[in-house]
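Quick notes on the structure that follows.
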Amino acid sequence: MNWFSSIRAKLLLCFFVFIVLFNILSVSIYVSSSHFTNEYHTSFERFLIFNSISQKASELAEDTKAYVREQNDDHLDSYYVSLEEFRREQNRLKADMEREEDIQLTNYLNLMESLIRNSEITVGFVLRDDIERYTEFLQETQSTASYIQENTLSLIDLELTEYQQLYADLQDRNESFRLFTIFLFINTVMLAVFFAFWFSNGITKPLQTLAAAAKEVSKGNFKGKPVEVHSNDEMKLLGDTFNQMKTDINDYVEKMKEKAEMDRLMKELELKHLQNQIHPHFLFNTLNTVSKMAYLEDAASTSELIESVSVLLRHSLGDIDQSVSLKEEVKVVESYFQIQQTRFQDRVDFVTEIDEHSLHVNVPRLTLQPLVENAFIHGVEALEGGGTIMLSVFSQKDVVVAEVIDNGTGMTQKQVNKVLALGTEDEHTGHSTGLGMTNVIRRLQLHYKAEYVAEIDSKEGEGTTVRLLLPKADETEETA
């Protein structure tokens, strides 16, 4: 997740968009207002120029007339001041006319030039003391000043007409701005509502989903659907973290359940072993003594039988928390075969097919012997015509296969399914260890941390094959 996909970035982007919109609106209003202000200023300034020209033309004509009547220096100075002021107004009008060309304004400027020329000629003839000529040009000066005043009124009327149009345009613009402002306000509100729902949806919806998932977890349901957050911000990280946490907790709980079940099985084995342990050292010593006496009395068969019983008893009373090699398990089964062969003579045949290169894997203690004993007790013991039990060990791909095969009474498919589902225990337990197939299969599952460790093929009246699938790469540590 990068910075641009965070909630902060989205909020900043939203605020930036609103700020840009309002700035654009402000700049537009300012530009439009400036335009109208400039037009209004230009029109109003034209009014002031026309009014000033009319006044200055009248003053120039009056100062010229005053100098003609009273030919003194004071009136002459006043004339020159009025003339200079009139020229300045003329220049102002010329500068204002640079933006446009108008015939009326051109004629108006010509009248102003005529007024200046006639007043200068009048003053010149006064200085020459030519009464006839300056009287004529004085009348021309006064007439020109009157024409200027009349034209000024006409031009002002024309400007007022244009000003009325400007005012109408200003009214139209104001109405347009009013509608634009209403439109912008409505769209801004809609945009704000959209962003509000968008942000709230992107935050509250994932939070509600997380809250519902957390409620399920609090009830102990760790296998619900994972929380899905489709945004690419902090809520996505929170959802993924929650899913990972739920998965870790579920794995931890499963491991704790497995450990608890293993502990239960071990306690059960310990109890059964305690029930069978009646002074084991005394019993070992006694069996050894009997075995030696039988050997001294040339009873070799009896000696071998007692030795087999010692091996079986010693193995069953060993530390059940430790795993053993498959080779040791096979040796115990061979001892069990010898005991039962001695007991039942020709009624039961025991056969072994062992691949010596496949005996290196470790298995839980008491894995094969309970299966063989189960095949004997519940499979072939009741057969009147005798039976056969075979132990076969061989390699197959990445597993070592250990098969216990009998031709006994067999099992129904319902019974097979029940055993594989670990749903029965009492019906198939041995006499020497008190362990049944379900106990063996479950301990193998916990030992290898795998579900598929055993297969059972059986038909009623045709026998049973129990097949154990033991991984070759077993690295399970022996527990102390």
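The values are calculated or read from the model by the stated rules, or taken from the named source; none is laboratory data. Note that the structure is a prediction, hence the values are computed from the model and not measured. Neighbour counts run over all protein chains shown; Cβ positions are idealised from the backbone, glycine included.
Before moving on, here are some points about what is shown:
- Residue in segment 395-402 that is at pLDDT below 90, closer than 20 Å to Val466 by Cβ and buried (at least 22 other Cβ atoms within 10 Å of the Cβ) present: no
- Qualifying residue in segment 77-89 (condition: aliphatic (A, V, I, L, M), within 24 Å of Ile156 (Cβ to Cβ) and modelled with pLDDT under 85): no
- Test: residue in segment 161-174 that is crowded, with 20+ Cβ neighbours inside 10 Å and either farther than 20 Å from His75 by Cα or without any contact (Cβ under 8 Å) to a residue 60 or more places away in the chain (or both): no
- For segment 342-361, the set of residues classified as of a type outside the set (A, V, I, L, M) and in contact with a strand residue (DSSP E or B) (Cβ under 6 Å, 6 or more places away or on another chain) consists of Asp349, Phe350, Thr352, Glu353, Asp355, Ser358, listed by residue number.
- Looking only at residues of segment 59-81 that are under 15 Å from Thr135 (Cβ atoms) and among the small types (Gly, Ala, Ser), we find that the one that is surrounded by the fewest Cβ atoms within 10 Å (Cβ to Cβ) is Ala66.
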